[in-house]
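The values are calculated or read from the model by the stated rules, or taken from the named source; none is laboratory data. Because the structure is predicted, anything quoted here is derived from the model rather than measured. Every residue, glycine among them, receives a Cβ derived from its backbone with ideal geometry; neighbour counts consider all protein chains shown. Quick note on the areas: whole protein, heavy atoms, side chains included, nothing else; ligands and nucleic acids left out. Shrake-Rupley method; radii C 1.70, N 1.55, O 1.52, S 1.80 Å.
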Amino acid sequence: DILLVAQEPHRPYQRPPLTKGYLRGEQGLDRVYLQPAPFYPEHNIEIRSSVRVTELIPGERRVRLEDGTELGYEKLLLVTGGRPRRLRLPGADLPGVFTMRTIDDSDRIRTAAGDATRAVVIGGGFIGSEVAASLAMMGKEVSLVFPEAWLQSRLAPEELGRQLHQFYQQRGVILYPGALVTAMEGTNRVERVVLNDGRTLPADLVV
């Protein structure tokens, strides 16, 4: 028997669609979830969602949940994944500024994009590049800001990165390589992003 404890409210899902078809509203959750709901009880898998483990007691082979429940186990597997690092910048907590990691993040970005015209995506790695591409495909004016010299520099060699650069530019994405964001500004929600060279980028959506 397997007990899966998860802080998220969803059953297990894959993340790559969250920046692609799901973000654009072209695919539903059926293309995101790893298995249909009946799969889990049929295979003796219980899911406890929306709850955190707060303590491991390995000497007694127990874990404690945030609601005080204690669970025993024979074997324990820790697969906690990661979480997005929010930028510690002025204005980073303004409405209209999002991170991308979960189904709920993708839902919030899609909803915000419905009323947005100009989006700024911070980060030229795999996730940032895909979010920028999807927002451009949704008809938004997209600026992509990243500190490296070319897109996806941690994954792609320079020649491929330069080709991606050209590919994105041809599709209307404005690229800002070698740039850092120093602040996000706005009155009641984000209105612009400030770069380290003093340039400001208008934005009503930032990811």
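Taking a ≥ b ≥ c as the square roots of the Cα gyration tensor eigenvalues, with a/c under 1.5 meaning rounded and otherwise prolate when a/b beats b/c, else oblate, which class fits the range 73-174? It comes out oblate by the Cα gyration axes. Per atom type, the range 18-114 shows carbon and sulfur on 49% of its accessible surface, probed at 1.4 Å.
Compute the signed sum of charges (Lys and Arg +1, Asp and Glu -1) over the other residues within less than 15 Å, Cβ to Cβ, of Glu191. Provide the component values of the computation, followed by the final result.
Values: positive: Arg118, Arg189, Arg192, Arg199; negative: Asp93, Asp115, Glu141, Glu185, Asp204.
With Lys, Arg at +1 and Asp, Glu at -1, the neighbours total -1.
For the range 43-97, just say rounded, prolate or oblate: build the C-alpha gyration tensor, square-root its eigenvalues into a ≥ b ≥ c, call rounded for a/c under 1.5, and beyond that prolate if a/b exceeds b/c, oblate if not. Don't skip to the end; give the middle numbers.
Details: a/c = 2.79, a/b = 2.42, b/c = 1.16.
Prolate shape, in that a/c is at least 1.5 and a/b is the bigger ratio.
The orientation-averaged shadow of the Cα convex hull for the chain, equal to a quarter of the hull surface, comes to 14.3 nm².
Given the DSSP H assignment, sum -39500 (n - 2.57) over each helix run of at least 4 residues in the chain and divide by its residue total; what's the result at 222 nm in deg cm²/dmol, nearest 500? Mind showing how you got there, number by number?
Values: 4 runs with 42 residues, N = 207.
Roughly -6000 deg cm²/dmol at 222 nm, from the helical runs in the chain.
How big is the range 1-124 by the Kirkwood estimate over distinct Cα pairs, in Å?
Radius from the Kirkwood sum: 17.2 Å.
When every Cα-Cα distance of the range 152-207 is counted in 10 angstrom steps from zero, the calculated P(r) takes the values 21, 39, 33, 7, 0 percent.
Name the shape class, rounded, prolate or oblate, that the alpha-carbon gyration tensor gives for the range 1-69, where a ≥ b ≥ c are the square roots of its eigenvalues, rounded holds for a/c under 1.5, and otherwise prolate holds if a/b is larger than b/c and oblate otherwise. Prolate is the answer for the range 1-69, as a/c is 1.5 or above and a/b outweighs b/c. The DSSP beta bridges internal to the range 1-159 are antiparallel in roughly 45% of cases. Taking every alpha-carbon pair under 8 Å whose residues sit at least 6 apart, the range 67-207 reaches a relative contact order of 28 percent.
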